[in-house]
Amino acid sequence: MKVLAESEPDALQIVQFKACGHIGLRFNNMLLTFSVKSFKDFVKTYGAINFDRYSILFPDDRNRLIMNTVVEEVQFCFTCEEFERLQQALTEASLILEANTLIQN
(Lines give C-alpha, C1' and ligand atoms only; values in the text may rest on other atoms or scores of the structure.)
Protein backbone atom coordinates (compact mmCIF):
# COMPACT_ATOMS: atom_id res chain seq x y z
CA MET A 1 0.00 0.00 0.00
CA LYS A 2 1.37 3.41 -1.00
CA VAL A 3 0.23 6.50 0.93
CA LEU A 4 -0.80 9.27 -1.49
CA ALA A 5 -1.97 11.85 1.06
CA GLU A 6 -2.38 12.01 4.80
CA SER A 7 -3.64 14.67 7.16
CA GLU A 8 -3.95 14.09 10.86
CA PRO A 9 -3.39 10.32 10.53
CA ASP A 10 -6.35 9.51 12.74
CA ALA A 11 -8.75 11.44 10.51
CA LEU A 12 -7.71 11.34 6.82
CA GLN A 13 -5.67 9.03 4.66
CA ILE A 14 -5.62 8.30 0.92
CA VAL A 15 -3.73 5.21 -0.25
CA GLN A 16 -3.22 3.19 -3.41
CA PHE A 17 -3.26 -0.59 -3.01
CA LYS A 18 -0.32 -2.30 -4.72
CA ALA A 19 -2.14 -5.51 -5.65
CA CYS A 20 -5.16 -4.02 -7.44
CA GLY A 21 -4.20 -0.36 -7.96
CA HIS A 22 -7.45 0.88 -6.41
CA ILE A 23 -7.52 4.03 -4.29
CA GLY A 24 -8.73 3.92 -0.68
CA LEU A 25 -9.93 7.05 1.10
CA ARG A 26 -10.49 7.10 4.85
CA PHE A 27 -11.91 10.32 6.28
CA ASN A 28 -13.23 10.36 9.83
CA ASN A 29 -15.75 7.50 9.88
CA MET A 30 -16.07 7.26 6.08
CA LEU A 31 -14.25 4.63 4.03
CA LEU A 32 -14.42 4.74 0.23
CA THR A 33 -12.70 2.69 -2.48
CA PHE A 34 -12.25 3.85 -6.08
CA SER A 35 -10.78 2.60 -9.31
CA VAL A 36 -8.16 5.07 -10.55
CA LYS A 37 -10.63 6.46 -13.12
CA SER A 38 -13.47 6.84 -10.61
CA PHE A 39 -11.06 8.52 -8.16
CA LYS A 40 -10.02 11.05 -10.82
CA ASP A 41 -13.70 11.68 -11.62
CA PHE A 42 -14.47 12.14 -7.90
CA VAL A 43 -11.57 14.60 -7.49
CA LYS A 44 -12.78 16.61 -10.49
CA THR A 45 -16.40 16.67 -9.29
CA TYR A 46 -15.45 17.49 -5.69
CA GLY A 47 -13.12 20.28 -6.86
CA ALA A 48 -15.95 21.95 -8.76
CA ILE A 49 -18.19 22.27 -5.69
CA ASN A 50 -18.51 25.77 -4.24
CA PHE A 51 -18.96 25.37 -0.49
CA ASP A 52 -20.25 28.91 0.10
CA ARG A 53 -22.87 28.60 -2.61
CA TYR A 54 -24.24 25.19 -1.65
CA SER A 55 -23.79 24.99 2.11
CA ILE A 56 -26.73 25.44 4.44
CA LEU A 57 -26.96 26.63 8.01
CA PHE A 58 -27.56 23.83 10.51
CA PRO A 59 -29.26 24.23 13.92
CA ASP A 60 -25.84 24.45 15.62
CA ASP A 61 -25.15 27.70 13.66
CA ARG A 62 -22.52 26.06 11.43
CA ASN A 63 -22.72 25.92 7.67
CA ARG A 64 -22.47 22.44 6.21
CA LEU A 65 -22.47 21.09 2.70
CA ILE A 66 -24.60 18.05 1.99
CA MET A 67 -23.14 16.05 -0.88
CA ASN A 68 -25.26 13.48 -2.67
CA THR A 69 -23.74 10.16 -3.71
CA VAL A 70 -24.64 7.59 -6.33
CA VAL A 71 -26.54 5.73 -3.59
CA GLU A 72 -29.76 7.69 -3.16
CA GLU A 73 -30.00 7.01 0.57
CA VAL A 74 -26.41 8.08 1.32
CA GLN A 75 -25.19 11.67 1.57
CA PHE A 76 -22.00 13.16 3.01
CA CYS A 77 -22.16 16.18 5.28
CA PHE A 78 -19.09 18.43 5.62
CA THR A 79 -18.30 21.52 7.65
CA CYS A 80 -16.20 24.10 5.80
CA GLU A 81 -13.05 22.90 7.57
CA GLU A 82 -13.73 19.26 6.69
CA PHE A 83 -14.58 20.17 3.10
CA GLU A 84 -11.36 22.15 2.65
CA ARG A 85 -9.18 19.52 4.35
CA LEU A 86 -10.56 16.78 2.11
CA GLN A 87 -10.23 18.99 -0.97
CA GLN A 88 -6.56 19.65 -0.20
CA ALA A 89 -5.86 15.95 0.37
CA LEU A 90 -7.66 14.96 -2.83
CA THR A 91 -5.62 17.51 -4.80
CA GLU A 92 -2.35 16.27 -3.27
CA ALA A 93 -3.22 12.62 -3.88
CA SER A 94 -4.25 13.36 -7.46
CA LEU A 95 -0.94 15.12 -8.17
CA ILE A 96 1.07 12.27 -6.64
CA LEU A 97 -0.94 9.72 -8.61
CA GLU A 98 -0.30 11.67 -11.83
CA ALA A 99 3.43 11.97 -11.04
CA ASN A 100 3.64 8.23 -10.36
CA THR A 101 1.97 7.54 -13.71
CA LEU A 102 4.45 9.79 -15.52
CA ILE A 103 7.41 8.17 -13.77
CA GLN A 104 6.21 4.66 -14.64
CA ASN A 105 5.77 5.52 -18.33
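Quick rundown of the values:
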| item | result |
| --- | --- |
| Yes/no for Leu4 being modelled with pLDDT under 90, open to solvent by less than 70 Å² (accessible area, probe 1.4 Å) and in a strand (DSSP E or B) | yes |
| Residue within the stretch 12-20 that is surrounded by fewer than 15 Cβ atoms within 10 Å (Cβ to Cβ), among the aliphatic types (A, V, I, L, M) and in a loop (DSSP other than H, G, I, E, B) present | yes |
| Where a residue in the stretch 93-105 is within 13 Å of Lys44 (Cα to Cα) and its partner, wherever it lies, is outside any helix (DSSP H, G or I) and at pLDDT below 80, with Cβ under 7 Å and at least six apart | Ala93/Leu4; Ala93/Ala5 |
| Helices (runs of 4 or more DSSP H) contained entirely in the stretch 30-105, each with at least 2 residues that are closer than 14 Å to Leu12 by Cβ and open to solvent by 50 Å² or more (accessible area, probe 1.4 Å) | 80-104 |
| First in the stretch 45-67 and farther than 17 Å from Thr91 by Cβ, second anywhere and polar (S, T, N, Q) and open to solvent by 80 Å² or more (accessible area, probe 1.4 Å), Cβ under 9 Å, 6 or more apart | Ile66/Gln75 |
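The values are calculated or read from the model by the stated rules, or taken from the named source; none is laboratory data. Source: prediction; values computed, not measured. Neighbour counts run over all protein chains shown; Cβ positions are idealised from the backbone, glycine included. In case anyone asks, the SASA skips ligands and DNA or RNA and just uses the protein heavy atoms, side chains included. Shrake-Rupley method; radii C 1.70, N 1.55, O 1.52, S 1.80 Å.
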